[in-house]
Amino acid sequence: MSQTRIAVVVGSLRKDSFNHKLALALAHFAPEDFTFEHLRIDDLPLYNQDNDGNQPEPVKRLKSEIAAAQGLLFVTPEYNRSVPGVLKNAIDHASRPYGQSAWAGKPAGVIGVSVGPIGTAMAQQHLRNILAYLDVPTMGQPEGFIQNKEGLFDDKGHVGEASNQFLQGWVDKYVAWVKRHND
């Protein structure tokens with residue numbers, strides 16, 4: 001059985017990030033032939049077009065890891081009604097130089113968790129706009145605007161009972177989306 005590699009990009013660097021916990025939990029809902037590999041984005045310098053001809057090693061590593069994946073999973077918080085700067089920086093780096101985007105054609109899922117009642121709806125919409133420009137086919141439904149309420153995660157970081165069914169359904173649709181775009 002061949003493995004389907006999923007490049008996971010978490011838009012938060014916080015040690016106890018809810019979105020990092022969600023990204024880890026989502027992998028448990030996937031079939032055994034799916035491997036979730038978390039991409040490192042905290043060591044990327046700020047994007048500067050002057051460096052397009054000689055990209056720093058962390059950027060080359062990021063682009064290589066994306067190229068090796070059959071799918072993308074973006075798990076992001078919402079900062080000021082948009083995507084976090086660290087996520088946008090990673091997207092910009094891996095999309096450059098112009099015409100050499102590592103993201104193009106990779107099927108993606110977008111989900112996120114926040115303490116607010118609308119989850120990460122605005123950040124996800126902004127991210128979807130960016131991904132559309134970068135030619136990333138992004139799963140439209142179901143949307144995953146998760147509110148971090150008591151019981152979402154247990155003390156081991158597993159998803160609580162109340163959210164299992166929804167997240168299993170979301171992952172099932174995501175797996176089908178990735179497979180459809182890799183046939």
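Just so it is clear, none of the values below were taken in a lab; they were calculated from the coordinates. Keep in mind that what you see is a predicted model, and the values were worked out from it rather than measured. Here the Cβ is made from the backbone with ideal geometry for all residues, glycine too, and neighbour counts use every protein chain on show.
Using Cα atoms only, what is the angle between the long axis of helix 121-133 and the major principal axis of the chain, expressed in degrees (0 to 90) to the nearest 10? Helix 121-133 sits at roughly 40 degrees to that axis. Only one of (i) 12.7; (ii) 10.4; (iii) 14.9 was calculated from the structure for mean projected area of the Cα convex hull in nm², and its label is (ii). For the pair the stretch 5-72 / the stretch 85-109, the C-alpha centres are spaced 11 Å from each other. Once the Kirkwood radius over Cα pairs is known for the stretch 1-91, the Stokes-Einstein relation at 37 °C and 0.692 mPa s delivers a diffusion coefficient of 232 µm²/s. Where does helix 85-94 land angle-wise versus the long Cα axis of the chain, in degrees 0 to 90, nearest 10? For 85-94 against the chain, the angle is about 50 degrees.
By the gyration tensor of its Cα atoms, with a ≥ b ≥ c the square roots of the eigenvalues, what is the shape of the stretch 7-53: rounded for a/c under 1.5, prolate for a/b over b/c, or oblate? Taking the square roots of the gyration eigenvalues as a ≥ b ≥ c, the stretch 7-53 is oblate.
The angle between the Cα long axis of helix 18-27 and the longest principal axis of the Cα atoms of the chain comes to about 80 degrees, rounded to the nearest 10. Loop-located trypsin sites (Lys or Arg not before Pro) across the stretch 48-106 with a Cβ neighbour count of 15 or fewer within 10 Å are R81, with loop assigned by DSSP.
May I ask which of K15/K156; K149/K179; K60/K156; K106/K149 have a Cα-Cα span longer than 26 Å here?
Over 26 Å Cα-Cα: K149/K179; K60/K156; K106/K149.
When DSSP beta bridges are restricted to pairs lying wholly in the chain, around 10% turn out antiparallel.
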